[in-house]
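To keep things clear, I will list the structure first and then write my remarks on it.
Every number in this text was worked out from the coordinates using simple rules, so none of it is lab data. Not measured: the values here are computed from a predicted model. Cβ placement follows ideal geometry from the backbone for every residue including glycine, while neighbour counts extend to all protein chains displayed.
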Amino acid sequence: MDTIRLYMHKDIKVIKSEASAKEAACIMRDSSISSLLVMENDDYVGILTHRDMSEKLVAEGLDPNGVKAASLMESPLITLEASLPMNEALLAMKKNQIRHIVATVDGKIAGVLSITDFARYHSLSIADPVSEFWSNSEALLDENTSNYALDKLLHGMADKLGDESKTARAIRDKEATPSIIQYAVGEGLNDFADILKLFSKEE
């Protein structure tokens, strides 16, 4: 699986912690981005996202001119080394219920990866029905919708592979996940096996 480094946005946009929410919104709009790293005394102290603006500012009816970025940001930053595989990013997003991961290289912040980048990666690199599973990566952050998507994937793979496939038979016989993974790897279904490994880590 490709690494975070290949899909992260290296052109990091920042805003000072004392800046207003209106300033942040203008930067996001003008740069067509959904997040900003927040700086204070030359240090990254948090991340401000479009979702933060919607839920903490707009929904509460607050004045964007009077609200500081520091009061809306998510902190501390959740970081991952850029050399890690992409599936580690989704695990971190699910675990922390976030949609952005800050990538580091040798301990220094080097980029930002969003859930939409993850969806784009899989839509470009994986064949159906696996691509359908990844087509709405944001939904995979929720346990209920991710379980539904996984169940749909299993049925889709079984139908696609047919009765001659050991993987398909294992799915239909409701064998344990490790057995299905073993058969999938043996039949060269590595992308499918990676998904099962990824989600079985949380059980």
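Below are the figures for this structure:
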{"read-out": "Placed amide H near residue 13: partners under 5 Å, 5+ positions off or other chain", "value": "37"}
{"read-out": "Neighbour-count order for 54, 32, 165, fewest beta carbons within 10 angstrom listed first", "value": "32, 54, 165"}
{"read-out": "0 to 90° range, to nearest 10: angle between helix 21-31 axis and the chain longest Cα axis", "value": "60 degrees"}
{"read-out": "For segment 4-119, the fraction of alpha-carbon pairs in successive 10 Å shells from zero, as %", "value": "14, 48, 31, 7, 0"}
{"read-out": "Distance (nanometres) between label positions extended 7 Å along Cα→Cβ at residue 31 and residue 163", "value": "5.8 nm"}
{"read-out": "Most mobile of 74, 60, 23 in a GNM of the chain (Cα contacts under 10 Å)", "value": "60"}
{"read-out": "Inter-label distance, nm, simple model (7 Å from Cα along the C-beta direction), residue 68/residue 131", "value": "4.8 nm"}
{"read-out": "Relative contact order of the chain, defined on C-alpha pairs under 8 angstrom at six or more residues apart (%)", "value": "17 percent"}
{"read-out": "Folded to 0 to 90 degrees: helix 190-200 orientation relative to the chain principal axis, Cα", "value": "70 degrees"}
{"read-out": "Kirkwood hydrodynamic radius of segment 147-188, Cα pairs, Å", "value": "10.1 Å"}
{"read-out": "Residues 166, 95, sorted so that the one with the fewest Cβ neighbours within 10 Å comes first", "value": "95, 166"}
{"read-out": "With eigenvalues of the C-alpha gyration tensor scaled by 5 and rooted, segment 126-200, Å", "value": "20, 12, 11"}
{"read-out": "For the chain, the Rg and Dmax computed from alpha carbons only, in angstrom", "value": "19.7, 65"}
